[in-house]
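Report on one structure; see the data block that follows.
Here, each number is a calculation from the coordinates, and none is a lab measurement. All of these numbers come straight from a predicted model, not from anything done at the bench. Note: ideal-geometry Cβ built from the backbone for every residue, glycine included; neighbour counts use all protein chains shown.
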Amino acid sequence: MKKHYPHASCVLTGWPKRLLKRGVGCLAVLTVNCSLLTAHSAQAQDYVRRAPDLDRLTQELFAEIQSDQVPYEDLYETLLQYYQTPINLNTATREELRGLLLLNENQITTLLKHRQENGDLLSVYELQSIEGYDLRTINRILPFVTVQSSNANRSRGTLWQRIAQEDNNALFLRYERVLQQRQGYTPPTIYQGQPTTRYLGSPDKMLIRYRVSHTKDFSLGFSMEKDAGEQFIWNPKNGQFGADYVSAHFVLQERGRLKTLALGDYQLQFGQGLLLSSGLGVGKGAETITTLRRSSLGVRAYSSLLENTFFRGGAVTVQVSPTVQATAFVSHKNVDANLQQSQDSLAQFDEFTSGLLYTGFHRTASELANRHQLQETIGGGNATYTSRDGNLAIGATGVFTHYGTALLKRPEVYNKFEFSGKDNLALSLNYSYVYRNFLLFGETARSSGGGLGTVNGLLASLGPQVDAALLVRHYDANFHTLYGNAFSENTRNINETGVYLGLKVRPIAQWEISAYYDQFRFPWLRYRASAPTDGHDALVRVAYSPTKTSLLYVQARQRLKPRDLATTDLTNLAANRVLPLPGEQLRQSLLVYYNTDISTALSLRTRLQTSRLRDDTNLAWRSGYALAQDVSYQLNRSLKLTARYSLFDADDYDTRQYVYEQDVLLAVSVPALYGQGTRVYGIAEIRLNRSLTLWLRYAETRYRHQNTVGSGLETIQGQLRNEVKAQLRVKF
């Protein structure tokens, strides 16, 4: 029997009658019936999902965008996949809800309890009656969730009928280009008897992407991309089909015991990502609690443009029993690598590569020579037990990797424990346990070289307004995981020990304070760190939401990291011999961000960020800053205009400023700004009709006190860099 929620009587014009009969909080609904959603109907899916505000969401999830190691594309693509195939709140498991990164453990628990006591949600509006779901939380998750009956797909006909009738069905065509001529596109010259390197293709970048999908049912799609400088080449024997990058997938879900079947390109994520985490891993950020742990999302469709974070082949997940799921997968693809011949006749391998190449660019003759030169075969599986109440999950994962040519790192001291050879086997155990308002989670793994890796954490809701987190990790210097991406300070899970403490407090309504402190140590040498070293990373953010449509926050961060300092050996001064000395680099940053909606049509955003750094060789501070003002105006239902004007000033490349920019749908832009200058851009989103939407974008960066822009083959003569981009979406 449905539980009734007693509230004062009220009249909600146009709201779903079933929801009113159920008695969902009228008083709470009245506060947001106009601003929370854009439209509604009396159907199960009772509103039109608006596109996610990825700019604002990125500000909330990431501490600051001041690194080229932040997985911008992974974040964007993961959120995009949730937008294209939203989570059904009536069928989502605890792990799937965790995967959103936007809900804390207490909110997930109360939602599951609400479903158990009251049955399926009748509307997303019902979230307002669930404990812990304030307006800010609901607004954040709305683009990525849906409410449908648990057996909605059964009445939609056969698979092919469902594909043909699916509304989430669109083709994207994109074109972009830098207007100035870059050095890589100029005629080659002769240098020391040889022609200079040049790009082989045109400066045009083009994309075709198609996808049709439905939540918990199917996903079918393909992507084709040509980067600027790459050629159109038709050579099927060499894996070239016009565009340089081609990806396709077909995924079926929820066919009785067959939970997922993936063919083509796919992603895998199990445990805490020690072995398999080819999807999103945010790690440290301004969201100090929910992004700390990974979610076992299993097999997912892959539709990204990243050319190195996916598996290609097949994967299947089967419900062995009500509490056990098993997954098996196999992948085979050719990856980029620079193959070399051994000069030593006694060497273990006649041919080897010093490492994989991840840029995805194939523009020059040398880049083309490295394209798809290394065969990579991966196989493995996972078995997971989940208790009937969902509070306990235990999983085991195995991954075997084989390369057609051996990997041998350069003979540097810091590479002593790096992976070498053709084969690697890694095994892991992971767990997750919920007890009241506490979540314990972790994963421990061992690779064939004998190295161990472990990460264990605790998330706790200490009260309605206080959340805390603790995470401890240790990765041996000889721990090798080639598709892992667990929590770490390094870009890889190797040679690191650390302790992370996180806190989030909401002292009064509209205010939120977030903070973390992370202490880490590197037991063995690293690149540009010629001794065992340690460091720390700390952040504090104070956020204030004066209204439902505005946000102001101030954030400070400090990072102390080891880094070799170059010094000249006086005994070898004539030879100009440069030796590294252990040292440290201290970076401090400040970020002020304000977002407000003046009206339903006009939105303003202001961002001021500044950072400074100091190292042991130069005690003087070097600094950089960027100030950006955004304006967005919805002229009418058919036209939306967005523009930004920004100033930047950075002493050198080390103090460069990364500033997230709004872009056309499915695209991400985070340029690195250094030197002195201004950057402006404008976007027009034009809805031509119900099926066609056009985006036009223009961006210009103007530098001061310099005669060239960029470096190497990207060098532009002059002070300007202009970019144009156009995208057309065709909805079927």
Between ASN308 and TYR633, how many nm apart are label points set 7 Å from Cα along the C-beta direction?
4.4 nm
Determine the equivalent ellipsoid of the stretch 307-440 by diagonalising the alpha-carbon gyration tensor, then write out the semi-axes as square roots of 5 times the eigenvalues, largest first, rounded to whole Å.
38, 18, 14
Grab the DSSP H runs of the chain that are 4 residues or longer, score each as -39,500 (n - 2.57), total them, divide by all residues and round the 222 nm result to the nearest 500 deg cm²/dmol.
-2500 deg cm²/dmol
Where in the stretch 667-684 is the amide nitrogen less than 15 Å from a point lying 7 Å along the Cα-to-Cβ axis of GLU700?
677-683
What is the stretch 115-243 by shape, rounded, prolate or oblate, if you read a ≥ b ≥ c off the alpha carbon gyration tensor as root eigenvalues and call it rounded for a/c under 1.5, prolate for a/b larger than b/c, and oblate otherwise?
prolate
In the stretch 426-517, the trypsin sites (Lys or Arg not before Pro) that fall in loop regions by DSSP, at most 13 other Cβ within 10 Å:
ARG436
Give the separation of the Cα centroids, the stretch 598-641 to the stretch 315-367, in Å.
39 Å
What are the residues whose amide H is under 5 Å from the amide H of GLN676, where those residues sit 5 or more places off or on another chain and H is modelled from the backbone?
ALA650, ARG704
If you take the Cα Rg of the chain and divide it by 2.2 N^0.38 Å, with N the number of residues, what do you get?
0.98
Can you give the three extents of the C-alpha atoms in the stretch 244-361 along their principal axes, from longest to shortest, in whole Å?
58, 38, 32
What does the convex hull of the Cα atoms of the stretch 602-646 come to per residue, in Å³, rounded to a whole number?
62 Å³
Sequence order, the stretch 176-190: Karplus ³J(HN,Hα) from phi using 6.51 cos²θ - 1.76 cosθ + 1.60, θ = phi - 60°, Hz rounded, Gly and Pro as x, gives 8, 6, 7, 6, 6, 7, 9, 4, x, 10, 7, x, x, 10, 9
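Can you give the direction-averaged projected area of the convex hull of the alpha-carbon atoms in the stretch 87-171, in nm²?
That works out to 6.6 nm².
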Over the Cα atoms of the stretch 638-704, compute the convex hull volume and normalise it per residue, giving Å³.
66 Å³
Rounded to the nearest 20 debye, dipole of the stretch 670-732 from Cβ charges on Lys, Arg, Asp, Glu
320 debye
To the nearest Å, what is the center-to-center distance of the stretch 479-543 and the stretch 226-270, using C-alpha atoms only?
34 Å
Could you work out how much longer the chain between TYR433 and THR189 gets when fully extended? Use 0.36 nm per residue separation minus the Cα distance between them, nm to one decimal.
81.4 nm
Could you go through the stretch 294-311 in sequence order and give the Karplus-derived ³J(HN,Hα) for each residue, using 6.51 cos²θ - 1.76 cosθ + 1.60 with θ = phi - 60°, rounded to whole Hz, and x for Gly and Pro?
8, 10, 7, 7, x, 8, 9, 5, 10, 9, 7, 9, 5, 9, 8, 10, 9, 10
Determine the alpha carbon to alpha carbon distance for each of LYS333/LYS422; LYS284/LYS504; LYS205/LYS725; LYS640/LYS725; LYS113/LYS284 and list only those over 19 Å.
LYS113/LYS284
5 Å is the cut-off here: which amide hydrogens, built 1.01 Å from N in the peptide plane, fall below it relative to GLY271, excluding neighbours closer than 5 in sequence?
SER296
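As an exercise, use a Förster radius of 56 Å and the Cβ-Cβ distance of ASP120 and LEU462 to find the FRET efficiency, rounded to the nearest 0.05.
Efficiency, rounded to the nearest 0.05: 0.95.
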If the chain between LEU692 and LEU159 were fully extended at 0.36 nm per residue, the gain over the current Cα-Cα distance would be 189.3 nm
Taking the stretch 653-718, which trypsin sites (Lys or Arg not before Pro) meet the DSSP loop condition and have no more than 10 other C-beta atoms within 10 Å?
ARG690
Checking the stretch 248-308 for trypsin sites (Lys or Arg not before Pro) in a loop per DSSP with at most 12 other beta-carbon atoms within 10 Å yields ARG257
Under a point-charge model restricted to the Cβ atoms of Lys and Arg (+1) and Asp and Glu (-1), what is the dipole moment magnitude of the chain relative to its Cα centre, in debye to the nearest 20?
2060 debye
For the pair ALA620/ILE233, report the inter-label distance in nm, with labels modelled 7 Å from Cα in the Cβ direction.
4.8 nm
